[in-house]
Amino acid sequence: MIVPEPQMVLSGSCHPQLARRIAAELGLKFGDVATSRFPDGEISARVPERVRGKQAIIVQPTPNPGEQHLMELYLLADACHRSGARSVTALIPYFGYARQDRRTKAGSPIPLRLVTDLLRAARVDHVIGVDVHCATIEAISSVPFEHLTALPLLLNAIRHGSVAGRVVVAPDLGATKLAQRIAKVLGTPAAFVHKERRTGLDVEVHGLTGEVAGRAPVIVDDMISTGGTIEAAAKTLLEAGCAPSLTIAATHGLFVGPALERLAQLPIERVIVTDSVPEVPAAGLRIERIALAPMLADAVRALHGGQSIELARSRA
Ligand code: R5P
């Protein structure tokens, strides 16, 4: 007798490669999804009928174009629910809109809260995310949220190089705790760059705290978007006399707009990111990508197997 699998991994159009890797880790077949657009631009989505009675796991990070990826996710979740899935888990390795988690000016919305409200409206039961920019996402989200970190994976990758003579650097105040944790584990000093964002593309540096002269910096952050933050930090460190050998480590390598050109001009030894978003071709720059699938598969097993998610949180 063939016993039907209790779970089904589905993917939106953003990152089917990662979804396939997660399905393979879980030993599950991959559920084919059909997404397309009507001539007027509306998105249409369809899930397989065999999702009935199963725990549906929809893999869909939400980098640019975030609206398309989110809308697909809402439609797929709604389709799973209406097709009789037992539960719907949205696995969103890169969770966009997380930098917009508060009302910074009169007249502005709270996009992050709205995105999670819409996930709830689409009948998502659980969300799994990795190093979401908003550290309090579990409290803000209107859907139960499992917030994982790739920190142990990044640490392992950084450790593969020599750590002697290094200094771990936070390129802005938001990354301070991350840098302190990494520096403590590596047994190196930490330094902090005081950054102010001028526009979405440009940042300004107001100072540097910590001794970097002669040391090779390991700059750590949650994401590299336009590369402005890393570029500004790197220039500040070089002016302060650091060794011209930079390691950059971040969970999400979005590399939008001028990011790759900005990085290409810096004396970079290593760029380490995860595969939370699809790979961007980067001629001339070797980017190391750490696989998230084993950690994400552990999280799914823990969530649906009733085990503590701490197992997945602490995987190294
Ligand atoms: C901001 O606080 C984040 O942690 C990153 O530093 C930032 O989003 C990176 O963006 P970009 O690469 O465009 O400077």
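The values are calculated or read from the model by the stated rules, or taken from the named source; none is laboratory data. Everything numeric here is computed off the predicted structure, so don't read it as measured data. Using ideal geometry, Cβ is built from the backbone for each residue, glycine included, and neighbour counts are taken over all protein chains shown. Just the protein is used for accessible areas: all its heavy atoms, side chains included, with ligands, DNA and RNA removed. Shrake-Rupley method; radii C 1.70, N 1.55, O 1.52, S 1.80 Å.
A few comments on the model shown:
- Probe 1.4 Å, accessible area per residue of region 139-192, Å²: 42
- The packing ranking, built from the mean of other Cβ atoms within 10 Å per residue, places the peptides 191-203, 38-50 in the order 191-203, 38-50, highest first.
- Normalised alpha carbon radius of gyration of region 100-177 [divisor 2.2 N^0.38 Å]: 1.46
- Hypothetical label at Gln265: residues of region 205-241 whose amide nitrogen lies under 14 Å (7 Å Cα-Cβ projection): 227-236
- Remark: relative contact order (the chain) = 13 percent; criterion is Cα-Cα distance under 8 angstrom and separation of 6 or more residues.
- Distance from region 154-175 to region 222-301 (C-alpha centre basis), Å: 12
- Chain lengthening between Asp117 and Ser142 when straightened (0.36 nm per residue, less Cα-Cα): 8.4 nm
- FRET efficiency, Ser13 to Glu288 (Cβ-Cβ, R0 22 Å, nearest 0.05): 0.30
- By average C-beta atoms within 10 angstrom, highest first, the peptides 99-107, 153-161: 153-161, 99-107
- Global geometry of region 128-261, whether rounded, prolate or oblate, following the gyration tensor of its Cα atoms and the 1.5 cut on a/c: oblate
- Each Cα pair under 8 Å and six or more residues apart adds its sequence gap; the mean of these over the residue count of region 1-151 is a relative contact order of 19 percent.
- Element breakdown for the chain at a 1.4 angstrom probe: carbon and sulfur atoms account for 52% of the accessible area.
- With the simple model of a label 7 Å out from the Cα in the direction of the Cβ, Glu239 to His206 spans 1.5 nm.
- Cα-based values for the chain, radius of gyration first and Dmax second, are 20.3, 69 Å.
- Figure note: Glu72, Glu204, Glu67 ranked by solvent-accessible area, largest first, 1.4 Å probe, ligands and nucleic acids not counted: Glu67, Glu204, Glu72.
- Seen from Thr247, the other residues with C-beta closer than 14 Å to its C-beta sum to a net charge of +2, counting Lys and Arg as +1 and Asp and Glu as -1.
- Radius ratio Rg over Rh of region 216-261, counting only Cα atoms, Kirkwood formula for Rh: 0.97
- Residue by residue, region 182-190 carries 3J(HN,Hα) couplings of 5, 4, 4, 5, 7, x, 10, x, 10 Hz when phi is fed to the Karplus relation 6.51 cos²θ - 1.76 cosθ + 1.60 (θ = phi - 60°); x denotes Gly or Pro.
- Only lysine pairs 8 or more places apart or on separate chains count here, and in the chain those with Cα atoms under 28 Å apart total 8.
- With contacts taken as Cα pairs under 8 Å and at least 6 residues apart, region 234-294 reaches a relative contact order of 33 percent.
- Estimated inter-spin distance, Leu173 and Glu67, nm [label 7 Å along Cα→Cβ]: 3.3
- Estimated FRET transfer efficiency (Ala34, Ala106; beta-carbon r; R0 41 Å; 0.05): 0.40
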